[in-house]
Every structure is written in C-alpha cells, then in structure tokens.
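*Asks:* Got a structure for you, questions after.
The values are calculated or read from the model by the stated rules, or taken from the named source; none is laboratory data. Nothing here was measured: the structure is a model prediction, and the numbers come from that model. In this analysis, Cβ positions are derived from the backbone assuming ideal geometry, glycine residues included, and neighbour counts consider all displayed protein chains. What goes into the accessible areas is simple: the full protein's heavy atoms, side chains included, and nothing from ligands, DNA or RNA. Shrake-Rupley method; radii C 1.70, N 1.55, O 1.52, S 1.80 Å.
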Amino acid sequence: MGKDKYKVRNWQDYNRGLKKRGEISLWLNKEVLAGWQDNEQGSNRGRPCVYSDLAIEACLTIRKVFNLALRQCEGFLVSLFKSLKIDLPVPDYTVLCRRASQLRLNIKSLGTSSKAIDLIVDSTGLKVQGEGEWKVRKHGAGKHRTWMKLHLGLDAASQQIMFSKLTTNAVTDEQAVEELPTVIAGSIKSFTGDGAYDKTTVRKMLHTARIKQIIPPQKNAVINKSGKAFLRSRNKAIADIKLQSRKDWKIAVNYHRRSLAETAMFRYKTVIGSTLQARSLINQKVEAIISCNILNKMLQLIKPQSYKVK
C-alpha cells in the first residue's frame, strides 16, 4: 500500500505567511527598539548593562532565524541599523555570548492556558560537534562526535511547543518530564508519549496530576496485581491490547497523533537546523528556547491546512 498523499487547502494564505517569516520587521519591531537600552538602575556593583535583556534576546533570535555566527550577527545588525537610520548601539559579539548565559527565558506560545491541553512529548538529538553525515556514513563516527538531547512537548490542537528542555544524552526521557505539570502554565488533559515513558516515575507523576495516560506498555508487559492506583491505566491498556490488538488499541485511544511530535522535530531541524551553535550548556539551553519560540511565532503567522487526496 502506497503512502497517503496530502494537498494544502489554504495555499495562498500559506504562501504569504511563508514570505512574512523572513521579514526583518517581524523579528525587530518598534517595541523591541523602544526597549533596546537598559534603563534599570540595579543595586549590584560594577558598570550597569547598556543593553536590555529584550535587546539581547532579539539579537540572538535574528541570529537563529538567519543562521548567523555571532560576529556575522553583529555585522548584520550594524548594517541594518545604518540602512534604516536607527540611532542605537549594537551589542558586540562578546557581549551577546556573555549575556546569553544570563537570560531567563520561557516558552512563548499561543494563548492556550485557559483550557486543558492534550500534550504530546518526544525527544531528538542535536549535534554539538563532530563530523557531518556523509563522513559518518563513509568512514564511521569519530570519538569527538557529541550530541545533546532536546525534549519537546506540544499542544495537539495548536501544535505550539509548550515545553522544552535541553539535556545531555545521559538524561533519559522519563527524567526530563518528571516536573512537567509544574512547568507548563494551565492544565494538561492528556499525555501522549511512546514506550520510553512507560516508567513508574512518569505513571506516578501523571496520576498525581490527574492527567490521562496514553502510553503504550511494553510488548512483554503483564498486568500488575499490586492494586496501585497509578498503574490502573497501564493495566487497562494491557488488558485492552490482549482483547483486540496493539494496532486497534492505538486507534481507539488516538495514539497516532503522536506523529505531530515527529513533525515538530522535523520542523525544528528543517527551519532551525540539527546543530547547536553555542558551546556551553547554559547558552545551549537558551539557544534551544529561542529556537522553539521562533517556531511558535512562525506557526502563529500561518499553518497549512491539508487534506488527503483520494
């Protein structure tokens, strides 16, 4: 059986939205310019900051959108301000690197906090350093090949990223979501993840927060007879799979919408890239949040509406 084919229904609006994603005015608006310089008088010793956190975030955002190194980002902004006759200083590339570690950023998503959301989670790898894919395929991976792990949680309805956490590749998927209910503003109605989240800690966390569990148990899983409340959902899934099949159970609980998480990963690596530019872990975490906010902003501009071609 061949793969299903889809066509975009709102092509004209989607085409205009794709063009707007590249506009400078989208990433550097009047509000950013008005708050460019830091006017707050802090009580700390030393020279006060020249640039606000908003200005640093805007510079780093433009850097990710147009895939620039720090020095090229500085030069890009200098030439941009000169051509637009904007009489504002531009942060030096060393300032951008140093101030990035001081930013305290959160995920900025479309306002969905007033209603419960269906959360879909997954993780992927982002390369920090090492050889390209061609060299690895041809000669094998070298010992200096390093990866970080990006954990994402998105709203199934809006496909906005609601949760983002960058960790080393030693951190497991269940460890990354242990504090999930306290991180996301608003309530979570359901949690959908693959078998990597079929762990006691995750089941306990979801049961305590009264979140519906849509997690496939392992293929060799057996019903737990201890009577623990947080395992009831898992026991029911095991029983339902035995009565019908794993495929039918996934259809019944709408598990296949988890593919939206894979779509988000593909969108991230296509638009942002699969390599982290920063070298320190704290700057890499800031970079990941900025990248997720960029994707959320792009989705707010326009989202394709597709239909299956018969």
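*Asks:* Which residue fluctuates the most in the chain, going by a Gaussian network model with Cα springs under 10 Å, if the choices are P89, P216, P181?
*Replies:* Checking each option, the largest mean-square fluctuation is seen for P89.
*Asks:* Roughly how far apart, in whole Å, are the Cα centres of the stretch 239-310 and the stretch 163-227?
*Replies:* Comparing the Cα centres of the stretch 239-310 and the stretch 163-227, I get a distance of 17 Å.
*Asks:* Ranked from highest to lowest mean number of other Cβ atoms within 10 Å per residue, what is the order of the peptides 118-124, 29-35?
*Replies:* Numbers: 118-124: 22.6, 29-35: 12.3.
Descending mean neighbour count gives 118-124, 29-35.
*Asks:* To continue, here is another question. Given (i) 22.0; (ii) 14.5; (iii) 20.1 as candidate values of mean projected area of the Cα convex hull in nm², which corresponds to the one derived from the coordinates?
*Replies:* Matching the structure shown: (i).
*Asks:* Could I ask something else about it? Apply the Karplus curve 6.51 cos²θ - 1.76 cosθ + 1.60, θ = phi - 60°, to the phi angles in the stretch 217-233 and return the couplings in whole Hz, x for Gly and Pro.
*Replies:* x, 5, 5, 9, 5, 10, 5, 8, 9, 6, x, 5, 5, 6, 9, 4, 5
*Asks:* Quick check: at a probe of 1.4 Å, how many percent of the accessible area of the chain sits on carbon and sulfur atoms?
*Replies:* Details: 9340 of 18300 Å².
Carbon-and-sulfur percentage of accessible area, whole number: 51.
*Asks:* Any idea what angle helix 53-65 forms with the longest principal axis of the chain, computed on alpha-carbon atoms, 0 to 90 degrees, nearest 10?
*Replies:* Computed tilt is about 70 degrees.
*Asks:* Would you look at the GNM of the chain, springs on alpha carbons closer than 10 Å, and say which of I184, I24, I289 moves the most?
*Replies:* Largest GNM mean-square fluctuation: I24.
*Asks:* GNM on the chain, C-alpha springs below 10 Å: top fluctuator among K212, K20, K85?
*Replies:* K85
*Asks:* A follow-up question, please. What are the ³J(HN,Hα) couplings of the stretch 97-102, residue after residue, when phi is run through the Karplus curve with 6.51, -1.76, 1.60 and θ = phi - 60°? Round to Hz, x for glycine and proline.
*Replies:* 5, 6, 6, 4, 6, 9
*Asks:* Please compute, for the alpha-carbon atoms of the stretch 149-240, the extent along each of the three principal axes and give them in descending order in Å.
*Replies:* Sorted from largest, the Cα extents of the stretch 149-240 read 36, 29, 20 Å.
*Asks:* Which FRET efficiency value, to the nearest 0.05, is calculated for N106 and F81 with the Förster distance at 30 angstrom and r the Cβ-Cβ distance? Numbers along the way, then the final one.
*Replies:* Numbers: r = 28 Å, r/R0 = 0.93.
E between N106 and F81, to the nearest 0.05, is 0.60.
*Asks:* Scan the stretch 161-204 for trypsin sites (Lys or Arg not before Pro) in coil per DSSP, keeping those whose Cβ has at most 12 other Cβ atoms within 10 Å, and list them by number.
*Replies:* Working: sites: K165, K189, K199, R203, K204; in loops: K199.
Within the stretch 161-204, no trypsin sites (Lys or Arg not before Pro) qualify (loop, at most 12 other Cβ atoms within 10 Å).
*Asks:* In the chain, what % of DSSP beta bridges are antiparallel (nearest 5)? Don't jump to the answer; show the numbers that get you there.
*Replies:* Details: 22 of 30 bridges.
Percent antiparallel among DSSP bridges in the chain is about 75.
*Asks:* Just to check I understand the Karplus step: with θ = phi - 60° and J = 6.51 cos²θ - 1.76 cosθ + 1.60, what whole-Hz values come out for the stretch 15-31, glycine and proline as x?
*Replies:* With coefficients 6.51, -1.76 and 1.60, one gets 5, 5, x, 4, 5, 5, 4, x, 6, 4, 4, 5, 9, 9, 8, 5, 5 Hz.
*Asks:* Step through the table entries K127/K204; K250/K285; K64/K285; K212/K297; K189/K250; K7/K127, compare each Cα-Cα distance with 24 Å, and write down the pairs that go over it.
*Replies:* Details: K127/K204 32 Å; K250/K285 34 Å; K64/K285 13 Å; K212/K297 29 Å; K189/K250 18 Å; K7/K127 33 Å.
Result: K127/K204; K250/K285; K212/K297; K7/K127 exceed 24 Å.
*Asks:* Quick one: go through the stretch 170-192 and flag any residue whose amide nitrogen is under 18 Å from the point 7 Å out along the Cα-to-Cβ line of L281.
*Replies:* Residues passing the 18 Å test: 170-179.
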